[in-house]
Amino acid sequence: MINTILPKSTIGIIGGGQLGRMLAMSAKEMGYKIAMLDPSEDCCGRHFADIFINSAFNDLKNLEELCKLSDVITFEFENIDVKALKILEKKYNFVQSAKSLEITQNRLSEKEFARSLDIPTVNYYKWNDENIVLKDKYLMKTLTLGYDGKGQKIIESNDEIEENTIIEELLDLDKEISVVAVKDRESIEIVAVVENEHRNNILFRSNIPANITEEIEEEAIKYTKRILDNFDYYGVMTVEYFLSNNKLIFNEIAPRVHNSGHITQQSANKSQFRAHIEAICGLTVGKIYNKETTMYNILGQNEDYFIDLIQRKKGYLHLYEKEARHNRKIGHMNFEGTVYLEDIID
Ligand code: ADP
Ligand code: MG
């Protein structure tokens, strides 16, 4: 059973980047207080935190300090020390189990988990598999800590294999989609099914509705529900899939709100952020509906382009108050309908 945590209580958020910031914004709209922990003193979430603890993510003492201040604790970032979490979850109100983090923070264990649930994944090898003979192009990924394509490299032979990696077959991708879902005290609801286009491995554009067949959409929803059903977990969880030769293939799980879900701030009757806060507080999220919408990520080098655009085009600008460094995500912009901005400078 999940406890009901009502407004005016304190929600602890581990991580103060843009996801922590937008979670805090949604929670504060509802009248909750926020305690936040982040290693960066000037992280962008801090503006919406009532209490801020400046600490490394693996500092057990400071994590416990956050827990003591919080009626429920969540995170924007899955790479938290699982050992520390396993200790803390015995004493404090974590509703996303350390076990679910342990599975999802490792690319091999999350793929093994998907396979154990009969969900198709890409063919892969573990780096120390004695039977590997590479004779084509493969994608090598670090087992842990990668994001936005970081820690990934295309390799073609056995000598290029590095330790602690997974070596995946390089697929021809027709499309990429994500399913943002939420598990609350009563049920699992789909927040959105989103089509995603990446450029340089960074999410460039998201669209609702995803241009996929009804069968593929149903299959993706079925797998996502199956995953959530098998986790001791409340809140938003996102599953990324590939479409390759018309086949749906599991890619990875994010046990949290997700970049592709930013579109729901305008597409949905309830955003992923509010849905997550409600679910972890033991409330009922209810049915979520979406309308046709487009989202673009704003990278540091494109800040001026979007600030100029907001003056000329209808849209919903979200900036995170982050320094505009090259290829750093500093915001996103949502548009009603399907909107193509092909002239964004890289
Ligand atoms: P992360 O999002 O954690 O950086 P992903 O595994 O999602 O890592 O990879 C990032 C992107 O790289 C994917 O969205 C996809 O565009 C591409 N990619 C990942 N794995 C494969 C693969 N096996 N074959 C082809 N493209 C891939
Ligand atoms: Mg990914």
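Results, tabulated for the structure shown:
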| item | result |
| --- | --- |
| Over 31 Å between alpha carbons, listed pairs Lys61/Lys153; Lys99/Lys153; Lys90/Lys329; Lys90/Lys183; Lys153/Lys270; Lys126/Lys287 | Lys61/Lys153; Lys90/Lys329; Lys153/Lys270; Lys126/Lys287 |
| Charge dipole magnitude, Cβ of K and R +1, D and E -1 - the chain, Cα centre, debye nearest 20 | 1160 |
| Stokes-Einstein D in µm²/s, Kirkwood radius over Cα pairs - segment 217-294 at 4 °C with 1.567 mPa s viscosity | 96 |
| CD proxy at 222 nm, helix term only [per DSSP H run n ≥ 4: -39500 (n - 2.57); per residue of the chain; nearest 500] | -7500 deg cm²/dmol |
| Calculated over segment 120-177: convex hull of Cα atoms, volume per residue (Å³) | 100 |
| Residues Arg312 and Ile132, FRET efficiency given R0 of 56 Å [Cβ-Cβ distance, rounded to 0.05] | 0.60 |
| Distance in nm between pseudo-label sites at Thr213 and Glu292 (7 Å out along the Cβ direction from Cα) | 2.3 |
| Viscosity 0.692 mPa s, temperature 37 °C, Stokes-Einstein D of the chain from Kirkwood C-alpha radius, µm²/s | 158 |
| Where labels lie 7 Å past Cα in the beta-carbon direction, separation of Thr338 and Tyr305 in nm | 2.1 |
| Cα-projected label distance for Ile221 with Thr284, points at 7 Å along beta-carbon direction, nm | 2.0 |
| Length released on extending from Lys90 to Glu41, taking residue separation times 0.36 nm less the Cα-Cα span | 14.8 nm |
| Area accessible to solvent at Glu65, 1.4 Å probe radius, in Å² | 90 |
| Lys/Arg +1, Asp/Glu -1 at C-beta; the chain dipole; positive extreme among Met295, Val95, Asn211 | Val95 |
| Extension reserve of the Leu173-Asn3 stretch, reckoned as 0.36 nm per residue once the Cα distance is removed | 57.0 nm |
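The values are calculated or read from the model by the stated rules, or taken from the named source; none is laboratory data. Source: prediction; values computed, not measured. Methodologically, a virtual Cβ is constructed for each residue, glycine included, from the backbone with ideal geometry; neighbour enumeration extends over all protein chains shown. Surface accessibility is based on the protein's heavy atoms, side chains included, excluding ligands, DNA and RNA. Shrake-Rupley method; radii C 1.70, N 1.55, O 1.52, S 1.80 Å.
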